[in-house]
Amino acid sequence: MSWLKSVIGTEKAVIAMCHFRALPGDPGFDEGKGMNWVVDRAYDDLMALQSGGVDAVMFSNEFSMPYLTKVKPETSAAMARIVGQLKSEIKVPYGVNVLWDPVASFDLAKAVDGLFVREIFTGAYASDFGIWNTNVGETIRHQHRIGAQGVKTLFNIVPEAAVYLGERDIRAIAKSTVFNNRPDALCVSGLTAGSKTDTATLKLVKDTVPDTVVLANTGVCLENVDEQLAIADGCVTATHFKKDGIFENFVDGDRVARFMERVRRIRQ
């Protein structure tokens, strides 16, 4: 039995993303609507996800584009406010993802009692954000310094919008990441949010590290969830849950309910 059962409550877990709209300091932040509007939209999405029956929720600053690899204090402060205001309404296990800053993700998780974080913890990349480097040793030491060692770590090993600077096989990446870092899960992604996770790559990773939780991280939908969960231990889902399956839209509770009904049948 994996930690998914003890922390989230089920194997083949569905972690749904609750995407925050642009925040103060982000180019897309709407000064006219202000933070109250951002909180209200996050509340609406959270309610739709929970009513649809998802197993867990992960809060992220998805609309803070273009992303930073070290976020500004105003981003973390705004995210802490939103989760803090929603906390009494959250009925499922939850985690956080501060894009793309693993230190800030641990800080936020500790502040709001998040149970897991998803981040780019390891590797060096050529990316849309420039040359992207990481320092996993320092990041994990920071996790322990602030008392967040109980927070589960979801390592994204196929970063969106980036490629490894070194030519390494995905099997070697998975094996060395698990050996050196002891992640709680590996996340396998497509090119961008909403892009299907390649089934062959997903299988290579799971076959290489069979004792580690492997999650399909992007693009899981009603049409492919059977094949994805036949391999993966669970999935992180966002775009499919939105109205018409469009990234920019808000969550459609009916789409969530149909998806979760299919997942319950898969589990049986």
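The values are calculated or read from the model by the stated rules, or taken from the named source; none is laboratory data. What you see is a predicted model; the values in this text were computed from it and never measured. As a convention, Cβ positions derive from the backbone with ideal geometry for all residues, glycine included, and neighbour counts pool all protein chains shown. Calculation scope for accessible area: heavy atoms of the full protein, side chains included, ligands and nucleic acids excluded. Shrake-Rupley method; radii C 1.70, N 1.55, O 1.52, S 1.80 Å.
The trypsin sites (Lys or Arg not before Pro) of the range 41-116 that meet both conditions, a loop assignment by DSSP and at most 13 other Cβ atoms within 10 Å of the site Cβ, are Lys70, Lys91. Using C-alpha pairs under 8 Å with a sequence gap of at least 6, the mean separation divided by the residue count of the range 157-261 gives a relative contact order of 21 percent.
A simple charge model with +1 on the Cβ of Lys and Arg, -1 on the Cβ of Asp and Glu and nothing else charged puts the dipole of the chain at about 660 debye relative to its Cα centre.
Considering only Tyr94, Leu68, Thr122, the residue lying farthest towards the positive end of the dipole of the range 52-136 is Tyr94, judged by Cα position with unit charges set on Cβ.
In terms of overall dimensions, the chain has a Cα radius of gyration and Dmax of 17.2, 51 angstrom. If you count Lys pairs in the range 109-268 whose Cα atoms are under 26 Å apart, skipping same-chain pairs closer than 8 places in sequence, the total is 11. The Rg/Rh ratio for the range 172-236, using Cα coordinates for both the radius of gyration and the Kirkwood hydrodynamic radius, is 0.96. Its relative contact order, with pairs defined as Cα atoms under 8 Å and 6+ residues apart, puts the chain at 17 percent. With all pairs of separate Cα atoms included, the range 16-129 yields a Kirkwood hydrodynamic radius of 14.3 Å.
Using the 1.4 Å probe convention, the accessible area of the chain works out to 43 Å² per residue with neighbouring protein chains retained. Rounded to whole Å, the principal axis extents of the Cα atoms in the range 65-200 read 45, 30, 28, largest first.
Please quote Rg/Rh for the range 100-154 to two decimal places, taking the Kirkwood radius as Rh and restricting both calculations to Cα atoms. All intermediate terms of the calculation are to be shown ahead of the outcome.
Working: Rg = 11.5 Å, Rh = 11.6 Å.
Here the Rg-to-Rh quotient is 1.00.
Element breakdown for the chain at a 1.4 angstrom probe: carbon and sulfur atoms account for 51% of the accessible area. Of the DSSP H helices in the chain, those that are both long (alpha-carbon extent of 24 Å or more along the helix axis) and hydrophobic (Kyte-Doolittle mean at least -0.5) are 34-52.
Beyond 25 Å, the tail of the calculated P(r) for the range 143-253 holds 26 percent of the Cα pairs.
Between the range 77-123 and the range 48-76, the C-alpha centres lie 8 angstrom from each other.
Of the DSSP beta bridges with both residues in the range 110-191, give the percent that are antiparallel, rounding to the nearest 5. Each step should come with its number before you reach the end.
Working: 7 of 14 bridges.
Around 50 percent antiparallel, to the nearest 5.
The charge dipole of the range 116-268, taken about its Cα centre with unit charges on the Cβ of Lys, Arg, Asp and Glu (plus for the first two, minus for the last two), comes to roughly 440 debye.
Look at the dipole of the range 162-252 built from charges on Cβ: of Ile246, Ala172, Val209, the Cα furthest out on the positive end belongs to Ala172. State which stretch of the chain is the longest one without any exposed GluC sites (Glu not before Pro), exposure meaning a DSSP loop state and at most 16 other Cβ atoms within 10 Å. Counting at most 16 other Cβ atoms within 10 Å as exposed, the longest clean stretch of the chain is 32-166.
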